[in-house]
Amino acid sequence: MTNKPQSRGIGMTSQRTRDRLVERLRAHGITDTDVLEAIRSVPRHLFVDEALASRAYEDTALPIGNNQTISQPYVVGRMSAALLQSSRRDKVLEIGTGCGYQTAILARLFKRVYSVERIRSLYEQSAKLLRELQVTNISLRCADGYQGLPHLAPFDAIIVTAAPPELPPALVEQIAPGGCMVVPVGKIHSQKLIRVTRDGNRLTEEHLDPVSFVPMLPGRG
């Protein structure tokens with residue numbers, strides 16, 4: 001990823017501010033060094049509206065338009081670290097590109113990132129920004145996230161950044177042996193972050209944290 005002046009930031013978007021965020025995340029239990037370094041390196045302020053840039057390194061979710069949000073940095077760190085429980089880091093599938101921030105984090109953790117976004121305007125915005133930041137090991141699609149990308153499956157890891165009411169069967173089928181999926185499941189105000197791990201034909205579900213995500217919707221927006 002390039003390190004242009006706007007990527008480095010100043011004031012409330014400076015490297016020192018990012019370092020403080022990383023230390024807060026570490027204090028709250030995010031200890032994976034690869035994840036922390038990715039969060040330290042990716043310029044979150046470029047993924048939010050300019051008016052919100054001064055809040056980019058607060059540990060909070062922020063609106064990105066289209067009734068969507070950029071996830072709280074703690075949640076990004078928690079989900080990313082949970083994904084690294086998979087046996088390989090070759091291919092990851094992200095459902096819900098959004099503004100592209102989580103995509104950029106994943107690009108530092110996996111060899112190849114495939115990301116699906118149902119809302120075309122978000123897809124176009126995130127694709128443009130990620131190109132400008134020279135994130136090259138990604139492939140973005142505007143499609144129905146519930147279907148995943150079966151022609152490219154299986155995936156070593158799958159991350160879902162919106163909450164379906166229950167585990168989407170098509171996505172479960174696309175988890176590689178030894179791989180995992182991290183997904184928030186449930187209705188608003190009663191969601192749980194779940195890691196599903198595949199061992200041969202056997203699936204194991206582990207409940208991680210209570211969370212609050214926008215609902216996962218079918219089709220294209």
Exercise. Is it true that some residue in the range 143-164 is under 15 Å from the mean Cα position of the chain (by Cα), of a type in the set (S, T, N, Q) and not in a helix (DSSP H, G or I)?
Worked result: yes
For this session: Would you check if there is a residue in the range 76-92 being touching a strand residue (DSSP E or B) at 6+ places or on another chain (Cβ under 8 Å), β-branched (V, I, T), surrounded by fewer than 24 Cβ atoms within 10 Å (Cβ to Cβ) and touching a residue at least 60 places away in the same chain (Cβ under 8 Å)?
Result: no
Exercise. E58 versus (1) surrounded by fewer than 20 Cβ atoms within 10 Å (Cβ to Cβ); (2) at pLDDT 90 or above; (3) not β-branched (V, I, T); (4) not in a loop (DSSP other than H, G, I, E, B): which is the lone unmet condition?
Worked result: (4)
Exercise. How many of the residues in the range 179-219 are surrounded by 15 or more Cβ atoms within 10 Å (Cβ to Cβ), of a type outside the set (A, V, I, L, M) and either under 21 Å from S87 (Cα atoms) or at pLDDT 95 or above (or both)?
Worked result: 9
Problem set entry | Residues (closer than 19 Å to S41 by Cβ and part of a loop (DSSP other than H, G, I, E, B)) located in the range 61-96 | S71, Q72, L84, R89
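The values are calculated or read from the model by the stated rules, or taken from the named source; none is laboratory data. All values reported here derive from a predicted model rather than from experimental measurement. As a convention, Cβ positions derive from the backbone with ideal geometry for all residues, glycine included, and neighbour counts pool all protein chains shown.
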